[in-house]
Ligand code: HEC
Ligand code: HEC
Ligand code: HEC
């Protein structure tokens, strides 16, 4: 309790660097740590983004695809060589939103399955798909658009299989 309080004070105050957020958001902080942005940060390069560049503060809502692309654009103008990277991130994040909606719909359908064994296996498969989606979110933090799209495609495949199974179980 005390530890969480100290950490939250730190967020409200001066330090919004990845190390402030890392204790509670390990996967995203580790992914960020693999990017060149982190290398810049630790060498004291003030041009580098931190967690707060996109999230402002912890209570800030999750970032949309359009906000994300705009945020890359503040440091990487569209004339720059790596324009395709922000665009890939944007479309990936928009895809994640759609996939989560699909999970919610399938969850609702699973709730109506009568057979307990069928219900359990659909719920397990949905948990696996949500995990794949969370790996996509981690890829966002590694600034890895390719992996983001690959995880989205994997999750889409999992959800299609679940929809097929539901059609049979109904
Ligand atoms: C003391 C632990 C702790 C620290 C430190 C912390 N967070 Fe969080 N954060 C949480 C918890 C708990 C949640 C809620 C998780 C959930 O709802 O699944 C959360 C949720 C979030 C969310 C999601 C908000 C939403 O609307 O869904 C974001 C973004 C976030 N934190 C960013 C940050 C950033 C950036 C930092 C560092 C500046 C940070 N957090 C530091 C514990 C922490
Ligand atoms: C370049 C922009 C950017 C930076 C920098 C960034 N994030 Fe995020 N973050 C996002 C986006 C975009 C999402 C939402 C993706 C989605 O789920 O649609 C997100 C989602 C989150 C979430 C909540 C969603 C979840 O499923 O876990 C947490 C927590 C979070 N980020 C923590 C961090 C931490 C910690 C750092 C620093 C190490 C960080 N972020 C740096 C763009 C960023
Ligand atoms: C606060 C400023 C800032 C933001 C925001 C930012 N970057 Fe960067 N980025 C930099 C700097 C500075 C460099 C290193 C100098 C350079 O290569 O331009 C860099 C380098 C990169 C590189 C080169 C990495 C490498 O290994 O060569 C990529 C790719 C990149 N950024 C993508 C992104 C994407 C995608 C976003 C948005 C999701 C983003 N950046 C947001 C400042 C930023």
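Checking residue 153 against (1) within 15 Å of ligand 2 (Cβ to nearest atom); (2) under 21 Å from residue 64 (Cα atoms); (3) surrounded by fewer than 19 Cβ atoms within 10 Å (Cβ to Cβ), which test does it fail?
Of (1) within 15 Å of ligand 2 (Cβ to nearest atom); (2) under 21 Å from residue 64 (Cα atoms); (3) surrounded by fewer than 19 Cβ atoms within 10 Å (Cβ to Cβ), only one is false for residue 153: (1).
For the stretch 12-26, how many residues meet the condition of being modelled with pLDDT of 85 or more, in a helix (DSSP H, G or I) and within 6 Å of ligand 1 (Cβ to nearest atom)?
Going through the stretch 12-26, the residues modelled with pLDDT of 85 or more turn out to be 21-26.
Next cut, in a helix (DSSP H, G or I) only: 21, 26.
Next, only the ones that are within 6 Å of ligand 1 (Cβ to nearest atom) stay: 21.
Final tally of qualifying residues: 1.
List every residue pair whose Cβ atoms lie under 8 Å apart, where the two residues are 6 or more positions apart in sequence or sit on different chains, the first residue falls within the stretch 50-66 and is surrounded by 11 or more Cβ atoms within 10 Å (Cβ to Cβ), and the second residue, located anywhere, is outside any loop (DSSP other than H, G, I, E, B) and at pLDDT below 60.
Correct list of pairs: 58/8; 58/11.
Under the condition of being surrounded by 15 or more Cβ atoms within 10 Å (Cβ to Cβ) and without any contact (Cβ under 8 Å) to a residue 60 or more places away in the chain, which residue from the stretch 157-169 is nearest to residue 90 (Cα to Cα)? Outline the logic, then answer.
To start, the set of residues in the stretch 157-169 that are surrounded by 15 or more Cβ atoms within 10 Å (Cβ to Cβ) comprises 158-159, 162, 165-166, 169.
Still in the list and also without any contact (Cβ under 8 Å) to a residue 60 or more places away in the chain: 158, 162, 165, 169.
Numbers: 158: 22, 162: 26, 165: 31, 169: 36 Å.
If we take residues in the stretch 157-169 being surrounded by 15 or more Cβ atoms within 10 Å (Cβ to Cβ) and without any contact (Cβ under 8 Å) to a residue 60 or more places away in the chain, then 158 is nearest to residue 90 (Cα to Cα).
Would you mention how many residues in the stretch 104-125 are surrounded by 19 or more Cβ atoms within 10 Å (Cβ to Cβ) and without any contact (Cβ under 8 Å) to a residue 60 or more places away in the chain? Write out each step before concluding.
Initial filter on the stretch 104-125 (surrounded by 19 or more Cβ atoms within 10 Å (Cβ to Cβ)): 106, 110, 122.
Applying the additional criterion that residues be without any contact (Cβ under 8 Å) to a residue 60 or more places away in the chain yields 110, 122.
Qualifying residue count, the stretch 104-125: 2.
The values are calculated or read from the model by the stated rules, or taken from the named source; none is laboratory data. All figures in this text were calculated on a predicted structure; none of them were measured in a lab. Glycine also receives a Cβ, built like all others from the backbone with ideal geometry; neighbour counts cover every protein chain displayed.
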